[in-house]
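Working notes, structure below.
The values are calculated or read from the model by the stated rules, or taken from the named source; none is laboratory data. Everything numeric here is computed off the predicted structure, so don't read it as measured data. Every residue, glycine as well, gets a Cβ built from its backbone with ideal geometry; the counts of neighbours run over all protein chains shown.
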Amino acid sequence: MIEKYVQGQLTAEEQREFDGLIISEPGFKTEVEFHKNLKRVAEAEDDDNFRKLMTDFEQDASSENIKTKYFPTKWLVAASVIVLVGLGYFFMVLNQPTTQELFEENFTPYRNVDHPNERGSQDEDLKTRAFTTYSKGEFESAVEMFSKLYESEKESYYLFYTANALIGHNEAIKAVPLLKEYISTSGEYTDESKWYLALAYLQLEDKNNAVVILKDLVTTGSFKVSESEELLQDLE
């Protein structure tokens, strides 16, 4: 299956099984990375510039006073390939953004579209104050007011905005169950909730669950699809 994956020949059913193994089996993912690196070596060996580099290296090694009885030139070349690939992999891992960095790059609280604030209003009810506070980024107070509104009105979209405020207040662990509850209602903001659920998992450094949600959003959603694809590339 790994060989077919590397060659881009997996069927749709095999791809689903493959994705499941990547998430559930750390050893399988490690094996996949190993084979992907082997492919990079093979591709590099086919590259004219790389081949010239190796030829120059071999010539330099041959001209030096090296005991080829113990260090045959071909093994020096092979070792150089391993070192180059190893360094490339090391710097790739070193430069890969963390889940927290990806969260910070992608999180922006969902805009207030349910209760636009009317400037100059002298008689502000709780709903107006809640959304005004939320729009100002005063998330702790917004959470409290949205929670009261949900208790009294039972409007599910309050769960969505409460979760956004919680994530903004660095309390993703409390936002996750609210977003899951909202998604279960199949409400207007279902796709938006999946996006923010994935970001909540990133804030919690739960990469595996974030990947699952993002893949679902890419496959079935209509909100932040291209952003989800880019995030998946960074995470995988």
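Taking GLU155 and the conditions (1) in a helix (DSSP H, G or I); (2) touching a Leu at 6+ places or on another chain (Cβ under 9 Å), which numbered condition does it fall short on, given that it satisfies the others?
Here GLU155 clears every test but (1).
If I filter the stretch 100-123 for residues that are exposed (fewer than 11 other Cβ atoms within 10 Å of the Cβ) and at pLDDT 90 or above, do I get at least one hit?
Yes, the stretch 100-123 contains at least one residue that is exposed (fewer than 11 other Cβ atoms within 10 Å of the Cβ) and at pLDDT 90 or above.
Are there any pairs, at least 6 apart or on different chains, whose C-beta atoms fall under 7 Å, with the first in the stretch 152-164 and buried (at least 23 other Cβ atoms within 10 Å of the Cβ) and at pLDDT 95 or above and the second among the small types (Gly, Ala, Ser) and in a helix (DSSP H, G or I), and if so, which?
PHE160/SER193; THR162/SER147; ALA163/ALA175
Can you tell me which residue among SER186, SER222 is out of contact with any helix residue (DSSP H, G or I) (no Cβ under 6 Å at 6 or more places or on another chain), in a loop (DSSP other than H, G, I, E, B) and either small (Gly, Ala, Ser) or farther than 21 Å from ARG111 by Cα (or both)?
SER186
Can we say LYS207 is under 27 Å from GLU25 (Cβ atoms) and touching a Gly at 6+ places or on another chain (Cβ under 7 Å)?
No.
When the residues of the stretch 1-20 are filtered to those that are within 16 Å of LEU232 (Cα to Cα) and touching a residue at least 12 places away in the same chain (Cβ under 8 Å), which remaining residue is surrounded by the most Cβ atoms within 10 Å (Cβ to Cβ)?
Here the answer is PHE18.
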